[in-house]
1. How many of the residues making up segment 16-43 are farther than 18 Å from V123 by Cα and in contact with a strand residue (DSSP E or B) (Cβ under 6 Å, 6 or more places away or on another chain)?
2. Considering segment 221-249 alone, what residues qualify as being crowded, with 24+ Cβ neighbours inside 10 Å and closer than 21 Å to H172 by Cα?
3. Would you mind stating whether R144 is farther than 18 Å from F190 by Cβ and either at pLDDT below 95 or open to solvent by 50 Å² or more (accessible area, probe 1.4 Å) (or both)?
4. When segment 122-144 is examined, which residues are found to be of a type in the set (F, W, Y) and either part of a strand (DSSP E or B) or under 17 Å from the mean Cα position of the chain (by Cα) (or both)?
5. Consider segment 278-308. How many of its residues are out of contact with any Asp or Glu (no Cβ under 9 Å at 6 or more places or on another chain), buried (at least 20 other Cβ atoms within 10 Å of the Cβ) and closer than 17 Å to H2 by Cα?
6. Taking A211 and the conditions (1) under 22 Å from V187 (Cα atoms); (2) within 20 Å of the chain's Cα centre (by Cα); (3) among the hydrophobic types (A, V, I, L, M, F, W, C), which numbered condition does it fall short on, given that it satisfies the others?
7. Which of the residues spanning segment 180-209 are among the hydrophobic types (A, V, I, L, M, F, W, C), open to solvent by 10 Å² or more (accessible area, probe 1.4 Å) and not in a loop (DSSP other than H, G, I, E, B)?
8. Sort through G96, G79, G88 and tell me the only one that's in contact with a Phe, Trp or Tyr (Cβ under 8 Å, 6 or more places away or on another chain), open to solvent by less than 50 Å² (accessible area, probe 1.4 Å), assigned to a helix (DSSP H, G or I) and not polar (S, T, N, Q).
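The values are calculated or read from the model by the stated rules, or taken from the named source; none is laboratory data. These numbers were taken from a predicted model, which means no experiment stands behind them. Using ideal geometry, Cβ is built from the backbone for each residue, glycine included, and neighbour counts are taken over all protein chains shown. Surface accessibility is based on the protein's heavy atoms, side chains included, excluding ligands, DNA and RNA. Shrake-Rupley method; radii C 1.70, N 1.55, O 1.52, S 1.80 Å.
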Amino acid sequence: MHKRVLGAYALFAGLTPEESRAAHELIAERVAVDALEIPLSSLPGRPERTWGHYDKDGLPKFIAKDLDVVITCIPTVVGRLKHNPSYGLASSDEEGRQIAVSDAFSAIANAEHAAQVTGRPRVFAIQLHSAPRPDIHSADAFSRSLEEVLAKADPSVLLTVEHCDATRPDQHVAKGFLELSQEIEAVRAFESDRLGVTINWGRSMIEGHSAGYVNDHIAQAREAGVLKGLMFSGATNRSGPWGPAWQDGHMAPRGEHPLLVFSHMSLLGQEEIDAALTAAGPIAERAYTGVKVTVQEGQDEVDRRFHVAQAAWDMIDKTLI
């Protein structure tokens with residue numbers, strides 16, 4: 001079943017518990033999504049956790065009980081890399097690789113606990129990443145890690161490798177992980193419906209600097225039979241209120257909605273959304289489509305955040321439905 005996913009952790013970062021409750025009530029009442037993307041770092045037992053209120057199922061307390069969850073490991077990955085450049089599922093350093101595998105196991109344990117407490121699978125998918133950077137990453141090490149993680153995960157949980165920008169000469173690098181072709185090859189080798197690839201529009205744009213390049217990424221994953229997720233997050237080639245050019249800041253798309261005027265510098269618009277969805281093919285061919293956006297500082301009231309996300313979804317729905 002295809003699911004609609006909202007990147008809640010990016011949208012609601014920095015909210016107080018009271019604001020977070022109000023934000024999740026808005027989602028439950030007014031946004032037609034099936035799952036929320038939350039970070040591994042937000043779950044109990046994580047030293048870098050950011051949300052402090054949890055239910056018996058181990059998930060953030062304010063998430064509506066009828067919504068599923070997608071756990072993304074990327075905040076943990078980025079945090080670990082700041083202190084240990086050898087960390088990652090694709091690391092040629094065995095100690096760094098094993099720490100990353102252990103983090104993935106933590107996400108799996110959270111999924112199992114939530115299922116046991118609620119009586120149904122709450123965690124729909126776990127997003128994995130092919131850190132670290134080129135001088136110490138290895139496609140073979142990544143394959144070994146995927147094998148270990150796949151063997152550990154419950155069959156009800158989808159594992160996806162979310163592609164982040166690979167290193168390119170003479171341009172800004174946000175993440176600098178494995179090439180998409182290497183990730184696809186590693187995933188295909190397992191021939192498992194439980195393992196796939198997720199394309200994040202903004203992260204592929206940071207790598208390739210063109211919408212056509214992003215569409216090629218989507219097509220590569222689809223043609224390889226491994227496209228499981230498509231997340232819409234914008235990017236810009238200009239410095240401005242959103243910060244430096246080509247940063248992975250989850251910029252909202254540009255559009256006609258009044259609240260999207262603040263993201264007029266975004267390279268993601270209606271034309272690019274339509275082309276990406278065309279490249280991805282019928283929704284039945286992938287497990288989920290999602291939106292991950294943020295707002296500018298000073299424009300971050302709860303209601304405004306909600307409406308920015310809704311405006312982005314409205315743009316996707318023009319083609320998705």
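1. 0
2. F232, S233, G234, A235, T236 - these are the residues of segment 221-249 that are crowded, with 24+ Cβ neighbours inside 10 Å and closer than 21 Å to H172 by Cα.
3. Taking the combined requirement at face value, the residue does not satisfy it.
4. F124
5. Total meeting the criteria: 5.
6. Here A211 clears every test but (1).
7. I184
8. Testing whether each residue is in contact with a Phe, Trp or Tyr (Cβ under 8 Å, 6 or more places away or on another chain), open to solvent by less than 50 Å² (accessible area, probe 1.4 Å), assigned to a helix (DSSP H, G or I) and not polar (S, T, N, Q) leaves just G96.
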